[in-house]
Amino acid sequence: MPTYTLPDLEYDYSALAPYISPQIMELHHSKHHQAYVTGANTALDKLAEARETGNFALVPKLEKDLAFNLGGHVNHSVFWKNMSPDGGGEPTGVLGDAIAETFQGFAAFQKHFTEAANTIQGSGWAILAWDSLGARMNVYQLYDQQSNLPAGQIPLLQLDMWEHAFYLQYFNVKANYVTAWWNVVNWADVAARYDRARTQTAGLL
Ligand code: MN
């Protein structure tokens with residue numbers, strides 16, 4: 001039994017159209033995400049093998065493989081749930097108030113997050129995360145699947161800015177992908193993550 005498994009989506013591959021095409025969704029979930037799951041399990045298997053044989057020569061490579069592939073698995077697992085065919089609009093309630101207070105209003109937050117997404121150099125993610133040390137939200141640019149993010153951050157909202165996430169539909173105009181994506185953001189999921197993060201990580205670090 002592998003440690004990590006590909007989660008099912010809670011909606012059909014066509015559910016996020018016209019904002020994200022069915023072709024992108026199917027390839028992204030069934031091929032790209034699956035590859036990260038497989039890669040993470042393979043890295044764990046090989047690390048176990050290294051411990052069994054006492055041959056640790058490949059540890060640096062395997063640790064990079066584990067971080068990259070598990071990063072991909074975590075990122076996509078959050079990303080799928082961050083989206084819904086019934087999404088869009090603005091957050092309300094406790095999350096809406098907290099975003100407005102932390103980022104000088106929702107409009108300023110949305111511009112900040114959008115800018116973070118559009119200016120990633122190479123492949124990566126824009127992330128709104130709960131910093132469990134400072135007990136506050138921050139926006140980050142995450143490079144590749146695992147870089148440029150401090151430890152102790154709980155992802156609340158993630159946007160995949162790898163070319164595989166948009167190129168078949170938006171080609172080189174990734175700003176249009178980001179604009180469209182705001183229409184499928186599942187704020188109910190983000191609000192539930194925010195509630196769990198701030199109530200369950202107090203004192204963790
Ligand atoms: Mn992806």
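The values are calculated or read from the model by the stated rules, or taken from the named source; none is laboratory data. Keep in mind it's a predicted model, so treat the numbers as computed, not measured. Every residue, glycine as well, gets a Cβ built from its backbone with ideal geometry; the counts of neighbours run over all protein chains shown. Heavy atoms of the whole protein, side chains included, go into the accessibility calculation; ligands, DNA and RNA do not. Shrake-Rupley method; radii C 1.70, N 1.55, O 1.52, S 1.80 Å.
The convex hull defined by the C-alpha atoms of the chain has an orientation-averaged projected area of 12.4 nm².
Electrostatic bookkeeping for ASP12 treats Lys and Arg as +1 and Asp and Glu as -1; over the other residues with beta carbon under 14 Å from its beta carbon, the sum is -4.
Per residue, segment 93-200 exposes 45 Å² of accessible surface when a 1.4 Å probe is rolled over the protein heavy atoms with every protein chain present. Under 5 Å between amide hydrogens, built in the peptide plane, is the criterion, and for MET137 it picks out ASP131 among residues at least 5 positions away or on other chains. For segment 106-174, applying the loop criterion from DSSP together with a ceiling of 14 other beta carbons within 10 Å to the chymotrypsin sites (Phe, Trp or Tyr not before Pro) yields PHE171. Computed from backbone phi, the HN-Hα couplings of segment 69-77 come to 6, 5, x, x, 5, 4, 4, 5, 4 Hz, rounded to whole numbers (Karplus: 6.51 cos²θ - 1.76 cosθ + 1.60, θ = phi - 60°; Gly and Pro given as x).
Among THR42, THR92, the sequence by solvent-accessible area, most first, with a 1.4 Å probe is THR92, THR42.
Count the net charge of all other residues whose Cβ sits under 14 Å from the Cβ of GLN34, scoring Lys and Arg as +1 and Asp and Glu as -1. Residues close to GLN34 contribute a combined charge of -1.
Taking only protein heavy atoms and a 1.4 Å probe, the accessible area of segment 22-81 is 58% carbon and sulfur. The P(r) of segment 121-171 has a tail past 14 Å containing 51 percent of all C-alpha pairs.
Peptide packing for 49-58, 152-161 was compared via the average number of neighbouring C-beta atoms within 10 Å per residue; ordered from the highest value, the list is 152-161, 49-58.
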